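The values are calculated or read from the model by the stated rules, or taken from the named source; none is laboratory data. Computed from a prediction, not measured in an experiment: that's the story for all the values here. Counting neighbours? That spans all protein chains shown, and the Cβs are built from the backbone with ideal geometry, glycine included.
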Amino acid sequence: MTIANPVPKGKKQTENPFSTLLRLVFVAIFDLGAGWFIYQAVQLGSFQLAGVVGVVFLLVNIVLLLPQAYAYRWMVTGLSFLVLFTIYPMLFTIYIAFTNYGDGHLLTQQQALAVIEKETYLPKTGKSYKWTAFKAPDNTYALWLSDAEGNTYIAKVGTALLPAKPGAPGIGQADSSGIPASIEGFTRLNPILAATDKNLPQIKFGEEGQTIQIRSPSEAAELKPRYIYDAAANTLTDQENGEVYNDVDGTYTSRTSGKQIVPGYRAVVGLRNFVNFVQSPALRGPLLQILVWNFVFPTISVLSTFSLGLAIALLFNDKDFPLKKVFRTLLLIPYTIPSVITVLIWRGMMNPDLGIINHLTKTWLGFSPPWFSEPTWAQAGVLLVNLWLGYPYFMLITSGALQSIPADLYEAAKIDGANSWQSFRNITLPLLLVAVGPLLIASYVYNFNNFGLIYLFINGGPPIVGATTQAGHTDILISYVYNLAFASGGRGVQYGLASAISIMVFFIVGTITLVQFRFTNMWEEVSKNV
Amino acid sequence: MFRKLYLVLSLFVAASMLLAACGGGAATPAPEQPAATEAPTAAPATEAPAEPAATLVMWVDATKAPVFKQVADAFLAQYNVKVDIQITDFGQIRDKFQTAAPTGNGPDIIIVPHDQAGVLVANGLVAPLDLGDKKSAFLQPTLDAFTIDGKLYGMPYAVENVALFYNKDLVTDLPKTWEDLMAAGKKLQDDGKATYCLGFGSPDYHLFSLYTSFGGYIFGKDAQGNYNPQDVGLDSEGFIKAVQFLDENVKNGCLSSTIDGNTALKLFTDGKEPFFISGPWDLEAIKTAKVPYGMSTFPSNGAPFSGVQGFMLNAKSQNLLLAQSFLTEYIATDDVMAQLQTGGNRPSAYKPVFDKISDPDLLAFGQAGANSQPMPAIPAMGAVWANWGTAITLVFQGKQAPDAALQDAAKKIRDVIANPLTGMVNVPGSYQNQAGCGDGDAGNWKPDCAATAMKKSDDGKSYASGPFKLKAGDYEAKVALDGTWTTNYGVDGKAGGDNIKFSLKADGEVSFSYDPETHVLTVTIK
């Protein structure tokens, strides 16, 4: 890169002082914002996100402040977005694949500890009371407490509980629930008004060592924190019975009783997600069968949509075709309707009891295809719907590509005595594939992961008999994984597992694409020789 | 001229960068504090200042939102506390809450069905709540539904269960047994008046009452009355009988071999189906269709599943006390609970309202659910949902015999519940970091470490592991089964007993053997 510094040194001095100022102000504002963001991310325990924003932060600062990086100023926005929205999600997915992130391990360690440390318990000697809050003009509180035996007290911060009775000096008369209407210097609050102060539950009433906190709208008690965290050993100790909980893969587990503290947190578990997916029969299921269908489905889809699209395009390529525009417009309609709607309409039309298609086949052929219960029919149904959805695309593409094939080639072929099949086979197809080849691959890759169609039309069904997991005859990898990791797969949401499998799917798709690009190179060779 | 252009250009670039920076900040999930962080003041309500004293955010679904909006307005007027009602699809509330809550951005209050409570608690996202004196005003089973490990996590407001709808034009005598029901349906079918005998949405949830009539169950109960995930009843005798009964009726055409709730509803509202099992969610459609419908309890004393809907509190909420007070002091009142019942089409979980139900449909749902069983809220239920329906579908499609299909499904469920390490016998202890289980303390006391897992002897009567090369020192260990601490044995084979101690005077080799009968671990030191 020799153009790294296209600005001659002398020119730098001509930079307008105003624009320099503007640049510095911008950098300052950006740094403030990014700094605040990083601080918040660290607070939440999202260190990866903080790191990535840190990288963007450095990038922007270096590029905007160093004169040597002048040329990159134009690119810095794009680069920042690349880091934030492409590279970071990819790295994050890879990281997640090595963790147990999912139900039961949803929080970061800090977040989980914050929840656990909030837990309190009432020691055996501790007492609990019903409370009513009173407030003084200087915003200090007093509580009117009554215990189970009917004793009543006034509690203030820093002093011991004061036994008190309604009607005593300085205390108002009791209302119907036995609570005084007023205490000298304080006004009574109703429970909801008292609760609008979110600091109230944090206030420790009573004297040191025997403090009382509000636990709920009806209870205040001598609460103690239940678990104490030892950061050095990464253990929690239960204050109630002294049990020690050690960290086992993101769950604090007692070594003596095996008890676990909820919630667990997100922990790195190494290759477990990958190994489990390949090894465990409860996850793997009929993986091979799904994989085979996963290759068959896009292959047939691409071939069928391309063939039909090309056939129609060839038909319309004939200048004398009547009402060409009308037909072409009509044939494009499937492409313009959102596929979500189309798929659901087809689903309705193929309904064995009420669907129009099955109604027609029943009347004419005396047979109602079991689209949703027989494996072969289900696969045929999916392919049929995908043909409907996909052919207009190839019709459009090939119509364009056909125009670009020089007409003199055909004339030459005619002179050489070629029939129309020969000229299609030897001129149209090879030249067309040069232009359309990459699109075929794109379509193949798209259909390889065509989750929407499979999920909406049939949700992978009908089920495979004897499969060890919930798997169906039309399940492709991505829909199978969805059921396994997100939907009703029985394991709850498992981001770790899903990420691990998505990485495996990435390698499969990547390999296919590479191999197919080899083929396109071959087509390019063809075009050179023509 | 050139300078001016340069100035304009640099201004433009700076502005565009600023814009871009703003865009970036907004698009990434910014960890904002919830809206309710203004300095809280317990201002007397009578003054009605412009700023609300606090804000509660609540996620409810669209059908209940109008009721809550009214409640919120009244609450604001009375206490100067704003309740921000945000509409979220009922089925999506849990998912969205799980995404939003850990960041501190979640709502203070959500409404959820009780069978999702278990996962939310396991994820540490919801706080326990205390209904105080109001507790006795709720139907006890609805409170039980939200009680997890002895703690109450939700305030119930409605119960829902399915009932048996029937077409009054087609059915005159209500069937006493399922056999009667199918026979009545078959007769109508033969007369050309009905397409199928009985319609239902799904073969698992909707038909649960039929399985119970035959003695089927999902999970057995342990001594404390909690569902026991180790006792899966899907392949129990009663369950198989029930499915065989269904299978016969599919084979003779009484039931459709394709299960599709929408088709079933359409056939019922078109008057082509005498019986239809469904819940409050289809009531509106049935009413609109003007089909002469009646509702009844299930034949053969069948017990449907019941679901309880309730409020739960965000563990990260800044306003936990206020949210609780709002629920117990304001929502749990006759007035609001009655409005929720009418708006939601489901019988109330609040006794004073439940006792006064006059609407015939609600009454019918209440009667059909009188003997209902709460849907198990244990996480293992997920595995059941995934496999139960599949098994019945395979039977309906004639792919598998009832017993085989149910045994397969039960096995799958047991596999998921058991975890991949079922059957592992291990000796977790303080020696493990020298046996290849990891470094330092983190490498010790791991019941799932493959490097120290024991191998079964050929006669299957004992397990052995080692020898492990260990440094001189004192060690402790235990026996743990299935890769977890759930079942573990200590000194003298006592379940959950003390750690087994052993020490090496010099560096040496240690092997373990374990007797599955007596649970005693023998340590051999060389």
If we ask which residues in region B:379-403 are part of a loop (DSSP other than H, G, I, E, B), more than 7 Å from every other protein chain (Cβ to nearest Cβ) and touching an Asp or Glu at 6+ places or on another chain (Cβ under 9 Å), their number turns out to be 2
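If only one of A:124, A:135, A:118, A:130 is under 30 Å from residue A:247 (Cβ atoms) and facing another protein chain (nearest Cβ under 9 Å), which one is it? Outline the logic, then answer.
Numbers: A:124 fails: facing another protein chain (nearest Cβ under 9 Å); A:135 fails: under 30 Å from residue A:247 (Cβ atoms); A:130 fails: under 30 Å from residue A:247 (Cβ atoms).
Unique residue meeting the criteria: A:118.
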Selected residue (criterion: nearest to residue A:251 (Cα to Cα)) from residues of region B:103-131 that are outside any loop (DSSP other than H, G, I, E, B), touching a strand residue (DSSP E or B) at 6+ places or on another chain (Cβ under 7 Å) and within 11 Å of chain A (Cβ to nearest Cβ): B:121
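Give me a count of the residues in region A:95-123 that are assigned to a helix (DSSP H, G or I), of a type in the set (Val, Ile, Thr) and under 20 Å from the mean Cα position of the chain (by Cα). Reasoning before the result, please.
Residues of region A:95-123 that are assigned to a helix (DSSP H, G or I), as a first pass: A:95-97, A:109-118.
Narrowing further to those that are of a type in the set (Val, Ile, Thr): A:96, A:115-116.
Next, only the ones that are under 20 Å from the mean Cα position of the chain (by Cα) stay: A:96.
The number of residues fulfilling the criteria is 1.
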Every pair of residues 6+ apart whose Cβ atoms lie under 9 Å, when the first sits in region A:399-410 and is over 14 Å from residue A:318 (Cα atoms) while the second is surrounded by fewer than 16 Cβ atoms within 10 Å (Cβ to Cβ): A:409/A:530
Would you call residue A:151 within 12 Å of chain B (Cβ to nearest Cβ) and either small (Gly, Ala, Ser) or in contact with a Pro (Cβ under 9 Å, 6 or more places away or on another chain) (or both)? no
Exactly one of (1) at the interface with another protein chain (Cβ under 10 Å from one of its Cβ atoms); (2) among the hydrophobic types (A, V, I, L, M, F, W, C); (3) within 18 Å of residue A:499 (Cα to Cα) is unmet by residue A:94. Its number? (1)
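When region A:451-463 is examined, which residues are found to be touching a helix residue (DSSP H, G or I) at 6+ places or on another chain (Cβ under 7 Å) and assigned to a loop (DSSP other than H, G, I, E, B)?
A:458, A:460, A:461, A:462 - these are the residues of region A:451-463 that are touching a helix residue (DSSP H, G or I) at 6+ places or on another chain (Cβ under 7 Å) and assigned to a loop (DSSP other than H, G, I, E, B).
Quick one: which of A:365, A:331 is surrounded by fewer than 14 Cβ atoms within 10 Å (Cβ to Cβ) and at pLDDT below 90?
Details: A:331 fails: surrounded by fewer than 14 Cβ atoms within 10 Å (Cβ to Cβ).
Result of the check over A:365, A:331: A:365.
Is it true that residue B:228 is assigned to a strand (DSSP E or B) and either within 30 Å of residue B:486 (Cα to Cα) or in contact (Cβ under 8 Å) with a residue 12 or more places away in the chain (or both)?
Working: assigned to a strand (DSSP E or B): yes; either within 30 Å of residue B:486 (Cα to Cα) or in contact (Cβ under 8 Å) with a residue 12 or more places away in the chain (or both): yes.
So residue B:228 passes the test.
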Filtering region B:501-526 down to residues that are assigned to a strand (DSSP E or B) and free of Cβ contacts under 8 Å to residues at least 60 places away in the same chain yields B:501, B:502, B:503, B:504, B:508, B:509, B:511, B:513, B:522, B:523, B:524, B:525
Run residue B:400 past the list (1) crowded, with 18+ Cβ neighbours inside 10 Å; (2) on the phi < 0 side of the Ramachandran plot; (3) of a type outside the set (Lys, Arg); (4) not assigned by TED's automatic domain parsing to the domain that holds residue B:202 and report the number of the one that doesn't hold. (4)
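Which one of these is within 19 Å of residue B:233 (Cα to Cα) and surrounded by fewer than 21 Cβ atoms within 10 Å (Cβ to Cβ): B:392, B:357, B:413, B:378?
Numbers: B:392 fails: surrounded by fewer than 21 Cβ atoms within 10 Å (Cβ to Cβ); B:357 fails: within 19 Å of residue B:233 (Cα to Cα); B:413 fails: surrounded by fewer than 21 Cβ atoms within 10 Å (Cβ to Cβ).
When all the criteria are applied, what remains is B:378.
Would you mind finding the one in A:110, A:43 that is modelled with pLDDT under 90, closer than 30 Å to residue A:253 by Cα and within 8 Å of chain B (Cβ to nearest Cβ)?
None of the others qualify; the one that does is A:43.
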Please go through region A:198-237 and pick out each residue that is small (Gly, Ala, Ser) and either facing another protein chain (nearest Cβ under 8 Å) or in contact (Cβ under 8 Å) with a residue 24 or more places away in the chain (or both). A:206, A:216, A:218, A:220, A:221, A:233
Hey, can you tell me all the residues within region A:57-70 that are in a helix (DSSP H, G or I) and either touching a helix residue (DSSP H, G or I) at 6+ places or on another chain (Cβ under 6 Å) or at pLDDT 85 or above (or both)? A:57, A:58, A:59, A:60, A:61, A:62, A:63, A:64, A:65, A:67, A:69
Working carefully through the options A:493, A:465, find the one that is within 14 Å of another protein chain (Cβ to nearest Cβ), of a type outside the set (D, E, K, R) and either surrounded by fewer than 17 Cβ atoms within 10 Å (Cβ to Cβ) or free of Cβ contacts under 8 Å to residues at least 40 places away in the same chain (or both). A:465
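Could you please find all residues in region A:255-284 being assigned to a helix (DSSP H, G or I), among the polar types (S, T, N, Q) and at pLDDT below 85? Working first, answer last.
Taking region A:255-284 first, the residues assigned to a helix (DSSP H, G or I) are A:272-279, A:281-284.
Subsequent filtering for residues that are among the polar types (S, T, N, Q) retains A:273, A:276, A:279.
A:276, A:279, listed by residue number.
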Please work out which residue is farthest from the chain's Cα centre (by Cα), limiting yourself to region B:137-161 and to residues that are of a type in the set (Gly, Ala, Ser) and part of a helix (DSSP H, G or I). B:137
Going through region A:300-342 one residue at a time, which ones are farther than 14 Å from residue A:397 by Cα and among the basic types (Lys, Arg)? A:319, A:324, A:325
Mind listing whichever residues of region A:429-462 are modelled with pLDDT of 85 or more and at the interface with another protein chain (Cβ under 9 Å from one of its Cβ atoms)? A:462
Exactly one of A:364, A:346 is of a type outside the set (Val, Ile, Thr) and within 22 Å of residue A:299 (Cα to Cα), and that one is A:346
Among the residues in region B:139-150, are any more than 20 Å from residue B:306 (Cβ to Cβ) and in contact (Cβ under 8 Å) with a residue 40 or more places away in the chain? no
Within region A:79-91, considering residues that are free of Cβ contacts under 8 Å to residues at least 24 places away in the same chain and facing another protein chain (nearest Cβ under 9 Å), the one surrounded by the most Cβ atoms within 10 Å (Cβ to Cβ): A:81
Can you confirm whether residue A:250 is at pLDDT 85 or above, among the small types (Gly, Ala, Ser) and surrounded by 18 or more Cβ atoms within 10 Å (Cβ to Cβ)? yes
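Does region B:191-199 include one or more residues that are within 30 Å of residue B:111 (Cβ to Cβ) and either crowded, with 19+ Cβ neighbours inside 10 Å or out of contact with any Cys (no Cβ under 6 Å at 6 or more places or on another chain) (or both)? Explain how you work it out, then say what you get.
Within region B:191-199, the subset within 30 Å of residue B:111 (Cβ to Cβ) is B:199.
Still in the list and also either crowded, with 19+ Cβ neighbours inside 10 Å or out of contact with any Cys (no Cβ under 6 Å at 6 or more places or on another chain) (or both): B:199.
The answer is yes, given that some residue of region B:191-199 is within 30 Å of residue B:111 (Cβ to Cβ) and either crowded, with 19+ Cβ neighbours inside 10 Å or out of contact with any Cys (no Cβ under 6 Å at 6 or more places or on another chain) (or both).
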Filter region A:229-254 for residues that are part of a strand (DSSP E or B) and under 34 Å from the mean Cα position of the chain (by Cα) and give the result. A:229, A:230, A:235, A:236, A:245, A:246, A:247, A:248, A:251, A:252, A:253, A:254
Out of region B:103-127, which residues are surrounded by fewer than 20 Cβ atoms within 10 Å (Cβ to Cβ) and modelled with pLDDT of 90 or more? none
